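*Asks:* Dropping the structure in here first, questions after.
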Amino acid sequence: MPAPTWDQYMIPSLQVLTSGQVRRAREIVAAAADVLAVSEEHRAVFIPSGQAQWMNRANWALSYLARAGAVERPSRGHYRITEIGRQLLEAHPDGMTEKDLRSVPGYDSPRTKKASKTPGRKPALIPALDIAPNGDAGEAVDREDASALAPDEQIDAGIARITADVADQLLARIRALDPAFFEEAVLDLLTAMGYAGAEGSARRTQLSRDGGIDGIIDQDALGLSRIYVQAKRYAEANTVGRPAIQEFVGALSGNGANQGVFITTSRFSKDAEGFTDKVAARVVLIDGKRLATLMIRYGVGVQVKRTVRIVKLDEDYFEPGP
């Protein structure tokens, strides 16, 4: 059973408040989750901000109910049902969506804006992010399905989709360039990740006599600690097998090395991955997918296009003084 969407928490939240008593937000959230029988598996899911997904969705449900006047906040972090809330609960006992809230006079929807200053033009819905209900990047759904996500999740999922698209572009661009560029990019990445240390260095080996080693990273000024690098630029469909990893381990042994990184733009076979666990040298395998993720995380080959600033109400500001 899929996890409840944010709007599915609205009716249970109102049900929890039917006694008319003021209750803390955390109590309402927890009780609504119990009404929905949210499983332990779904309670263990976290969004990128670090908050539990179910708590995030339940809190957004309270926020939307407050916008509709269905609940009121008599004090910080406390809620009480209103007459509008009772009417909504009676009209939609089996659940409701934001579409139902729009029927409430005065509802302030965060998903509407003025389409134009032209007289006679009606407000238009802000299009929901073209993402899947579970937040998977790259999967398109219609507006109603996407709007079932909490706003934080829409942002996270939208960013995930953009990131996935940039990752695909990164790998396509790298595969189109010559191997020497890829080797330099790999060293740039490892340096950006801090493996060259404060006074270390990274350099490519001579192409004609690399002996199976494409790059060397000295982690200190004297080169007492070294990481050897193999970089293989392959097509997406290619699979790097165990023989290639064995050759790399042999090259490490020939250089008296005990640690190395093998990076490819394609993927590794299970046999190749299993082989690294059986050798004395510490060998790390990085496939194309992880390579692109690391390049984006450490800013290699990408630029920040825009920074999103997310705010929340400062409850302390509105607390009465002594």
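*Asks:* Look through segment 81-124, keep the residues that are of a type in the set (A, V, I, L, M) and loosely packed, with under 14 Cβ neighbours inside 10 Å, and return whichever of them is modelled with the highest pLDDT.
*Replies:* A91
*Asks:* Additional query: Name every residue in segment 1-26 that is assigned to a helix (DSSP H, G or I), in contact (Cβ under 8 Å) with a residue 40 or more places away in the chain and not β-branched (V, I, T), in order of residue number.
*Replies:* W6, D7, Q8, Y9, M10, S13, L14, Q15, A25, R26
*Asks:* A follow-up question, please. For a quick check of your reading of the model, give me the residue pairs whose first member lies in segment 278-298 and is among the hydrophobic types (A, V, I, L, M, F, W, C), whose second is surrounded by fewer than 19 Cβ atoms within 10 Å (Cβ to Cβ) and part of a strand (DSSP E or B), with beta-carbon atoms closer than 7 Å and at least 6 apart or on different chains.
*Replies:* Every condition considered, the pairs that remain are A281/Q259.
*Asks:* A follow-up question, please. Which one of these is out of contact with any Gly (no Cβ under 8 Å at 6 or more places or on another chain) and β-branched (V, I, T): T97, T82?
*Replies:* The unique qualifying residue is T97.
*Asks:* Right, another one. Looking at V45 and the list (1) modelled with pLDDT of 90 or more; (2) under 16 Å from S13 (Cα atoms), which single condition is not satisfied?
*Replies:* Condition (2) is where V45 drops out.
*Asks:* Also: One residue is enough: does segment 60-75 have a residue meeting the conditions on the phi > 0 side of the Ramachandran plot and either surrounded by 15 or more Cβ atoms within 10 Å (Cβ to Cβ) or touching a strand residue (DSSP E or B) at 6+ places or on another chain (Cβ under 6 Å) (or both)?
*Replies:* Yes: segment 60-75 contains one or more residues that are on the phi > 0 side of the Ramachandran plot and either surrounded by 15 or more Cβ atoms within 10 Å (Cβ to Cβ) or touching a strand residue (DSSP E or B) at 6+ places or on another chain (Cβ under 6 Å) (or both).
*Asks:* Is there any pair linking a residue in segment 65-79 that is over 16 Å from K312 (Cα atoms) and without any contact (Cβ under 8 Å) to a residue 24 or more places away in the chain to one that is part of a loop (DSSP other than H, G, I, E, B) and among the hydroxyl-bearing types (S, T, Y), with Cβ under 7 Å and at least six apart or on different chains, and which?
*Replies:* Qualifying pairs under 7 Å: E72/T82.
*Asks:* Looking at (1) surrounded by fewer than 16 Cβ atoms within 10 Å (Cβ to Cβ); (2) more than 30 Å from A25 (Cβ to Cβ); (3) not hydroxyl-bearing (S, T, Y), which one does F275 not meet, given that it meets all the others?
*Replies:* Going through the list (1) surrounded by fewer than 16 Cβ atoms within 10 Å (Cβ to Cβ); (2) more than 30 Å from A25 (Cβ to Cβ); (3) not hydroxyl-bearing (S, T, Y), F275 breaks only (1).
*Asks:* While we're here: In this structure, is G260 in the same structural domain as T191 (by TED's automatic domain parsing) and at pLDDT 90 or above?
*Replies:* Criteria met by G260.
*Asks:* Could you figure out which of (1) over 30 Å from the mean Cα position of the chain (by Cα); (2) over 18 Å from P179 (Cβ atoms); (3) not aliphatic (A, V, I, L, M) isn't true of S269?
*Replies:* Answer for S269: the failing condition is (1).
The values are calculated or read from the model by the stated rules, or taken from the named source; none is laboratory data. This structure is a prediction, so every number in the text was calculated from the model and none was measured. Counting neighbours? That spans all protein chains shown, and the Cβs are built from the backbone with ideal geometry, glycine included.
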